[in-house]
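Below is one structure; the comments refer to it alone.
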Amino acid sequence: MASPDKMINPYSKVLTTWESSESPKGDFLLDYALQSLELLKKNKSIQLTEDQPLPVITKDKNITLSFLSGGTTRWPEKIKHTPATIRSAVNGLIERIGGGPINSLCCLPLWHVGGWMQLERAWASGGKILFCDYRDLITTNFEDKIIDQWISLVPAQLQELLKSKHGVGNLKRAKGIFVGGAGMNARQIEVCRSLQLNICPCYGSSETAGMVSLLESGSFLSGGEGVGAPLPHAQIRINDEQGCLEIKCTSLCISRGRKKFARNSWWLSPDLGNFDQSGNLVIAGRADRTINTGGEKVHPFVLEKILYATGIVEQCMVYGEPDEKWGQQVVACVCPGSIDLEHLRNLVEHQLVGPMKPKVWKVMDRLPLSEMGKLPIK
């Protein structure tokens, strides 16, 4: 495979097989992908955005792809990649999971790096893609269409599929299931292992063109924790002062907003983590979600883990709201709406003490999550 640095226009010749499910979402993703490719073949730079029915042409002279990303507490910023940075991420994954075509069942939005990279992997490896809505997996038996296919999901989507007989049946046929965008909770992990699903927890970001670490399904099923070891194109270390991950990878974006990144530089991410004894990366939350209440720092990830461990919480989100007295107050949203809140509080009372104890509880049928499983907090 040619070095990414020597590729002038890797989009000029693409042999990928395209296909769509019968759902409107699948047709839309297929059309979006084809339109994007046509622009890239013409040496156009594009911005991938959900606000437009088609990619937006930018003024860059060289081929670039821009994604909008903002996390949970930031205003969206433009993250700019080149074919070289993107292809480097593809090569790192191919080296880890082995050669051959990477076929994907694509149900993530293409204007997000998690969806777009499925196209890039297929283009680079000669794979094929079936576009659909993840809900199609709940109602339709894909049978042989899903065999030898990789699926990328966020935990919120996985949760819905695990409730469905068709969903579980389809997932069992998949070659592998990349789960990223957020951490799986303990209950999900237990269920997926009991069903022997080929789950591959992974970690990455828009800045790194997707995955920089991966836990193979065999390790996951045998009890491995976290999101695996760094992929060949990436190095990850823990910043001693802040506890956040520092990443050096050949797939690092060339800019985010006005900030430009030098080649081979270390990028300080907002994600907190550590390495276990097996060398697997374990994500412990995000620094930009930390709640400061009465001068004490509270990490939402810790509270969410406790709530999920009760076995009666299907979805939850802990965050901070402005408070005149405390600066921020801890708010816990839990689902489903049928939860007995008093019973839940009693179950976790001995673990949620001091500043960790939510001052506000909200019960709802479902969290208003985005397609990438994120709940924007303003």
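The values are calculated or read from the model by the stated rules, or taken from the named source; none is laboratory data. On a predicted model such as this, the values are computed, not experimentally measured, just so you know. Quick reminder, even Gly has a Cβ in these numbers, built from the backbone with ideal geometry, and neighbours come from all protein chains shown. What goes into the accessible areas is simple: the full protein's heavy atoms, side chains included, and nothing from ligands, DNA or RNA. Shrake-Rupley method; radii C 1.70, N 1.55, O 1.52, S 1.80 Å.
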Counting only protein heavy atoms and rolling a 1.4 Å probe, one gets per residue an accessible area for the chain in Å² of 47 Å²
With all protein chains in place and a 1.4 Å probe, H350 shows an accessible area in Å² (nearest 10) of 140 Å²
Surpassing 23 Å at the alpha-carbon level, of the pairs K78/K175; K41/K259; K25/K78; K59/K80; K297/K359; K59/K260, are K78/K175; K41/K259; K25/K78
From DSSP H assignment alone, runs of 4+ in the chain each adding -39500 (n - 2.57), the sum over residues rounded to the nearest 500 puts [θ] at 222 nm at -7500 deg cm²/dmol
Comparing K305, K163, K44 in a Gaussian network model of the chain (Cα, 10 Å), the one with the largest mean-square fluctuation is K163
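Please report the carbon-and-sulfur percent of the accessible area for region 74-140; probe 1.4 Å, protein heavy atoms only, DNA, RNA and ligands left out.
Accessible surface attributable to carbon and sulfur in region 74-140 totals 52 percent.
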On the formula 1/(1 + (r/R0)^6), with r taken between the Cβ atoms of N264 and I8 and R0 of 22 Å, the FRET efficiency rounded to 0.05 is 0.50
In Å³ per residue, the alpha-carbon convex hull of the chain encloses 146 Å³
Cα-only Rg/Rh for region 233-366 with Kirkwood Rh rounds to 1.06
Using the Kirkwood radius over Cα pairs of region 164-219, the Stokes-Einstein translational diffusion coefficient at 20 °C and 1.002 mPa s, in µm²/s and rounded to a whole number, is 178 µm²/s
Residues meeting the amide H criterion for A209 (H placed from the backbone, H to H distance under 5 Å, 5 or more places apart or on another chain) are C253
Taking a ≥ b ≥ c as the square roots of the eigenvalues of the Cα gyration tensor, with a/c under 1.5 meaning rounded and otherwise prolate when a/b exceeds b/c and oblate if not, region 24-115 is rounded
On the accessible surface of region 228-326, probed at 1.4 Å with all protein chains in place, carbon and sulfur together account for a percent value of 47 percent
Rounded to whole angstrom, the alpha-carbon centroid of region 193-258 lies from that of region 43-63 at a distance of 28 Å
Note on region 240-345: contact order normalised by length, alpha-carbon pairs under 8 Å, 6 or more apart, percent, works out to 17 percent
Any helix of the chain counts here only if DSSP assigns it H throughout, its Cα atoms span 24 Å or more along the axis, and its mean Kyte-Doolittle hydropathy is at least 0.5, and such helices are none
A correct Stokes-Einstein calculation for region 128-283, using the alpha-carbon Kirkwood radius, 37 °C and 0.692 mPa s, returns a whole-number D in µm² s⁻¹ of 197 µm²/s
